[in-house]
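Asks: Here's a structure for you.
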Amino acid sequence: MVAMPQEVVSALNTPSASKVLATVRPDGSAHTISVGSIVAPSPEMIAFGAILMKETGNNLKSMKEKGQSVSVLVTQETKSYQVRGKVKDYITSGPLFDQMNENLKAIGLKAVGVWTVEPTDVWNQSANYDAGKKMA
């Protein structure tokens, strides 16, 4: 586990930032979706709501069992960061679950669960000379 730099946490917690989650299908191919509910409750955790996740949810379950890493890409204007991490938990009650649904209520959605990811490494993918540099 690594702590994400504050600029990455800030980007993940910005509602208007674009956020993409990449998982691995059982056949080994990549599966990516846009996930607006992605947040960073702390520098050591990423969380997102399971709202309409069918294939992604199945991929996450399988990846957790296999110890595989997911990838989250967050982009805000010219800044972009990739966070790779291990699938940790699927939460269906408690403060994190309640907060996620409180946030989603404003846009008329509800999560049936919340997935958490423990960051293992962070990369700068911005449109600048630091692109491709490991940040944590």
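The values are calculated or read from the model by the stated rules, or taken from the named source; none is laboratory data. Predicted, not measured: the structure shown is a model, and the values here were computed from it. Cβ sites come from the backbone with ideal geometry, for glycine too, and all protein chains shown count toward neighbours. Surface accessibility is based on the protein's heavy atoms, side chains included, excluding ligands, DNA and RNA. Shrake-Rupley method; radii C 1.70, N 1.55, O 1.52, S 1.80 Å.
Asks: Among 66-73, 119-126, how do they line up by average Cβ neighbours within 10 Å per residue, starting with the highest?
Replies: 119-126, 66-73
Asks: Sticking with this structure for a sec: Of Pro15, Pro26, Phe48, which is farthest on the positive side of the dipole of the chain, counting Cα position, with +1 on Lys and Arg Cβ, -1 on Asp and Glu Cβ, and the Cα centre as origin?
Replies: Pro26
Asks: Roughly how many Å is it from the Cα centre of the range 23-44 to that of the range 86-102, as a whole number?
Replies: 15
Asks: Tell me which residues come under 5 Å, amide H to amide H, from Ser37 once H is placed; ignore anything under 5 positions away on its chain.
Replies: Gly49
Asks: In addition: If I take every Cα pair under 8 Å that is 6 or more residues apart in the chain, average their sequence separation and divide by the length, what percent do I get for the relative contact order?
Replies: Rounded, it is 27 percent for the chain.
Asks: Okay, next question. Going down the list Lys54/Lys133; Lys110/Lys134; Lys19/Lys54; Lys105/Lys133; Lys110/Lys133, which pairs span over 27 Å between their C-alpha atoms?
Replies: Beyond 27 Å between Cα atoms: Lys54/Lys133; Lys110/Lys134; Lys105/Lys133; Lys110/Lys133.
Asks: Continuing with the same structure: Taking a ≥ b ≥ c as the square roots of the Cα gyration tensor eigenvalues, with a/c under 1.5 meaning rounded and otherwise prolate when a/b beats b/c, else oblate, which class fits the range 60-136?
Replies: Oblate, since a/c reaches 1.5 and b/c is not below a/b.
Asks: Give me a comma-separated list of calculated 3J(HN,Hα) values for the range 80-94, in order, Karplus coefficients 6.51, -1.76, 1.60 applied at θ = phi - 60°, integers in Hz, x for any Gly or Pro.
Replies: So the J values, rounded to whole Hz, are 8, 9, 10, 10, 9, x, 8, 5, 9, 9, 10, 9, 10, 7, x.
Asks: If you roll a 1.4 angstrom probe over the protein chains with everything in place, what fraction of the accessible area of the range 1-65 belongs to carbon and sulfur, to the nearest %?
Replies: 54
Asks: Output wanted: per-residue J couplings in Hz (rounded whole) for the range 29-44, from phi through Karplus 6.51 cos²θ - 1.76 cosθ + 1.60, θ = phi - 60°, x for Gly and Pro.
Replies: Along the range 29-44, the couplings run 7, 7, 9, 10, 9, 7, 9, x, 7, 4, 9, 10, x, 7, x, 9 Hz.
Asks: Right, here's the next one. Quick one: grab the alpha carbon gyration tensor of the range 31-74, order the square roots of its eigenvalues as a ≥ b ≥ c, and give me rounded if a/c is under 1.5, else prolate or oblate depending on whether a/b is larger than b/c.
Replies: It comes out oblate by the Cα gyration axes.
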